[in-house]
Amino acid sequence: MVLWQLFVSYLKIGFFGFGGGYAMLSLIQNEVVVQHGWMTNAQFADIVAVSQITPGPIAINSATYVGYTVGLQTGHMWCGILGSVIATLAVCLPSLTLMMLVARFFLKLKGNRWVEGAMRGMRPVVIGMIAAAALLLIFPRSDNPDDLNFIDGWSWALFGAVFVGSWRKVNPILLICLSAAAGIVIYYLF
């Protein structure tokens, strides 16, 4: 039953997640944390962080990790693998279907003012969904008092340092490695 709910949730995310993976994060967080309670906001934030540094699209990576985590909760390791396959396929299926339809009718739809208007109308929604995902990670909605704000002063300090480094055009790989090293020192040793 849980694997079926996982499939339906990620199918819904795939159909309504316009704007790429970052825009999908608020939908994923709503389904995984708020609606079904499969994980906490802190666990979801960890999955988002791992999904960002792993090669590939963030929506697919997070679907794989969430599916594995949810599958493991139902039983054996093989359930985790099955859950990751189910969530990954479910989030990809709508895009694959829509792209096959668009490819078939692309020349007819190219330049259509209705299609162009719809695409222009979705741009602000995508920006809003990305902003909502960021705000939900910073200020999570939760009934669990231990999960309300998992971001501490050290997190803000690391964020500020990486922001300044990005602004000054420091190599992003170097910033990721330095952040990982700082996280190990701060959170493991203290």
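Considering only residues in the range 109-136 that are small (G, A, S) and closer than 16 Å to G20 by Cα, the one that is surrounded by the fewest Cβ atoms within 10 Å (Cβ to Cβ) turns out to be G121.
For the residues F139, F106, the requirement of being loosely packed, with under 14 Cβ neighbours inside 10 Å, under 18 Å from V48 (Cα atoms), at pLDDT below 75 and in the same structural domain as P57 (by TED's automatic domain parsing) singles out F139.
Scanning the range 33-58 for residues being surrounded by 20 or more Cβ atoms within 10 Å (Cβ to Cβ) and among the charged types (D, E, K, R) gives a total of 0.
Looking at this structure, is S95 under 22 Å from A180 (Cα atoms), assigned by TED's automatic domain parsing to the domain that holds G14, in contact (Cβ under 8 Å) with a residue 24 or more places away in the chain and part of a helix (DSSP H, G or I)? No, not satisfied. Of all residue pairs spaced 6 or more apart or on separate chains, those with beta-carbon atoms under 8 Å, a first member in the range 170-190 that is surrounded by fewer than 13 Cβ atoms within 10 Å (Cβ to Cβ) and a second member that is of a type in the set (S, T, N, Q) are P172/S166.
The values are calculated or read from the model by the stated rules, or taken from the named source; none is laboratory data. Quantities reported herein were computed from a predicted structural model and do not represent experimental measurements. Neighbour counts are summed over all protein chains in view; Cβ atoms, including those assigned to glycine, are modelled from backbone coordinates with ideal geometry.
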